[in-house]
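K.L.:
Please see the structure below; I have some questions.
Every number here is computed from the coordinates shown, using simple stated rules; none is lab data. For clarity, every value in this text was computed on a predicted model and none was experimentally measured. Positions of Cβ are generated from backbone atoms using ideal geometry, with glycine treated the same way; all protein chains shown enter the neighbour counts.
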Amino acid sequence: MKILVINGPNINMLGIREPGIYGSQNYETLLCDIEQWANELDCEVECYQSNHEGDIVDKIQEAYDNVEGIIINPAAYTHTSIAILDALKSVGLPAVEVHISDVTKREDFRQISYAGMACEEHIIGKGLGGYKLAMRYLCEKYK
Ligand code: DQA
């Protein structure tokens, strides 16, 4: 199966941004890890990161008919973007929400997840390994 991994704003700053919350591993090594996990799980993966809400909406729309599953960490747009929620609902693909940090234990404004309302699974606070759990979930269920 082909999986699209979408990361929202500032995820490309991993390793630099708030290491006490997001860890010291950088985005490039996360991309390498995801490639390796895809090999282990025998699936195909494409990674996409953007700081722009509309670009993320465009990418989700493009996924229709091109991939079999989406893993999304919309980052700050999680808590604000109805456009991303609507895009996920529009394409109707199996989607898994990932958050590196445990947003359930953070500020009040992080307690709502719009994108999560269109996701069938939620992997929260498992660090970067959460992406692997999400990949395994999709592969086991849909491959
Ligand atoms: C995040 C949590 C969000 O609240 C935050 O805005 C992020 C990252 C996470 O992966 O823990 O940028 O999605």
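K.L.:
Counting C-alpha atoms alone, how compact is the stretch 36-116: give Rg to one decimal and Dmax as a whole number, in angstrom.
P.N.:
Rg, Dmax (Cα atoms, Å): 13.3, 39.
K.L.:
Let me ask something additional. Using a cut-off of 10 Å between beta-carbons, work out the net charge of the residues near A76 (Lys and Arg +1, Asp and Glu -1, A76 not included).
P.N.:
Local net charge: 0.
K.L.:
Okay, moving on. Could I have the simple spin-label model distance between I112 and T80, label points 7 Å from Cα toward Cβ, reported in nm to one decimal?
P.N.:
Placing both labels 7 Å beyond Cα along the Cβ direction yields 1.3 nm.
K.L.:
Now, a different point. Rounded, prolate or oblate: pick one for the stretch 96-143, where a ≥ b ≥ c are the square roots of the eigenvalues of its C-alpha gyration tensor, a/c under 1.5 means rounded, and failing that, prolate if a/b is larger than b/c, else oblate.
P.N.:
oblate
K.L.:
Using θ = phi - 60° and the Karplus form 6.51 cos²θ - 1.76 cosθ + 1.60, what ³J(HN,Hα) does each residue of the stretch 106-121 get, whole Hz, x for Gly and Pro?
P.N.:
10, 4, 4, 5, 9, 7, 9, 10, 6, 4, x, 5, 9, 10, 8, 9
K.L.:
Remind me, what semi-axes does the chain give for its equivalent ellipsoid, largest first in whole Å, using sqrt of 5 times each Cα gyration tensor eigenvalue?
P.N.:
Semi-axes (√(5λ), whole Å): 20, 19, 14.
K.L.:
Right, next: Would you mind calculating the relative contact order of the chain from Cα pairs under 8 angstrom and at least 6 residues apart, reporting the percent as a whole number?
P.N.:
Rounded, it is 28 percent for the chain.
K.L.:
Can you check what the net charge comes to around C32, using other residues whose Cβ is under 14 Å from the Cβ of C32 (Lys, Arg +1; Asp, Glu -1)?
P.N.:
Residues near C32 contribute -3 overall.
K.L.:
Here's something else I'd like to know. Helix-only estimate, please: 222 nm mean residue ellipticity of the chain, summing -39500 (n - 2.57) across DSSP H runs of length 4 or more and dividing by its residues, to the nearest 500.
P.N.:
Mean residue ellipticity at 222 nm (helix-derived): -11500 deg cm²/dmol.
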